[in-house]
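After the structure tokens below, expect a handful of questions from me.
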Amino acid sequence: MDHTTILTHGGVFICLYRGRKDLGDITSHNIKQLKKLNSVVFPVSYNDKFYKDVLEVGELAKLAYYNDIVVGAVCCRIDTTDQGARRLYIMTLGCLAPYRRLGISTMMLKHVLDFCEKDGRIDNIYLHVQINNDSAIDFYKKFEFEIIETKEHYYKRIEPADAHVLQKTLRTNQASIVQASS
Ligand SMILES: CC(C)(COP(=O)(O)OP(=O)(O)OC[C@H]1O[C@@H](n2cnc3c(N)ncnc32)[C@H](O)[C@@H]1OP(=O)(O)O)[C@@H](O)C(=O)NCCC(=O)NCCS
């Protein structure tokens, strides 16, 4: 349990209950909850292959709970470039609107960052964000992601269709340095 204690003007202590936050695995038994959550949180819909792949990625996909209720989810995959760089792509990371600004997404992103640190071979983390999604841009900038590119007409069925690519560099890829210098 997590508490914040505030001293009021009258000298009375108020104890605010902030709730318990946890992460849990995504399995065939709860994947419908992920589908429902994503349909509410994101303006684009994800196909069956997305959900099939999510069941295979282990720690790279998690549900977030607030007092045992599913309120958020993160789904990632690992990409490898032709230059040999390993990149973690955040496909979706979102939280239900009533539960925002409670640190739920921070918990999910920290899990992803911990995963990368333990792996030790991931060069950067990246994702796409609709250009008008200020809250997501602010959220990722807090964790030192930078806008590295803006792709026009990235989205097919939503407006605005343009997307920023946000990236956080974790390490300089040795394979691409060797390739570039040879
Ligand atoms: C962006 C989003 C993931 C943030 O989730 P959240 O659970 O509210 O984030 P947190 O509570 O962990 O916020 C951490 C920090 O991010 C920043 N932040 C988050 N939302 C913000 C907002 N609306 N405006 C400004 N800063 C914001 C703040 O610095 C915040 O810290 P603070 O609350 O102490 O000021 C959430 O708004 C969301 O689910 N949006 C829809 C899905 C989406 O766009 N996902 C991103 C693309 S994958």
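Rule-based calculations on the coordinates, nothing more; no lab input. Given the structure is predicted, the values throughout are model-derived calculations rather than measurements. Positions of Cβ are backbone-derived with ideal geometry, glycine not excepted, and every protein chain shown enters the neighbour counts.
If exposed means no more than 16 neighbouring beta carbons inside 10 Å and the site is in a DSSP loop, what's the longest run of the chain without any exposed GluC sites (Glu not before Pro)?
Between the exposed loop sites, the longest stretch runs 57-143.
Under a point-charge model restricted to the Cβ atoms of Lys and Arg (+1) and Asp and Glu (-1), what is the dipole moment magnitude of the chain relative to its Cα centre, in debye to the nearest 20?
Dipole of the chain, to the nearest 20 debye: 380 debye.
Still on this structure: For the chain, what relative contact order do you get, as a whole percent, if you take Cα pairs closer than 8 Å and at least 6 residues apart?
16
Fewest to most neighbouring Cβ within 10 Å: what's the order for His128, His164?
Exposure proxy ranking, most exposed first: His128, His164.
How far is helix 104-119 tilted, in degrees, relative to the longest principal axis of the Cα atoms in the chain, given as a value from 0 to 90 rounded to the nearest 10?
The two axes meet at around 40 degrees.
Taking the chain as a Gaussian network, where each spring joins two C-alpha atoms under 10 Å apart, which residue of Lys35, Lys168, Lys118 fluctuates the most?
Highest fluctuation among the options: Lys118.
Could you give the alpha-carbon Rg of segment 8-169 over 2.2 N^0.38 Å, rounded to two decimals?
Its radius of gyration relative to the 2.2 N^0.38 Å reference: 1.13.
How far is it, in nm, from the label point at Thr172 to the one at His153 when both lie 7 Å from their Cα along the line to the Cβ?
Going from the Thr172 label point to the His153 one covers 3.7 nm.
At Glu117 and Asp162, where each label point lies 7 Å from the Cα along Cα→Cβ, what is the point-to-point distance in nanometres?
Here the answer is 3.6 nm between the modelled labels.
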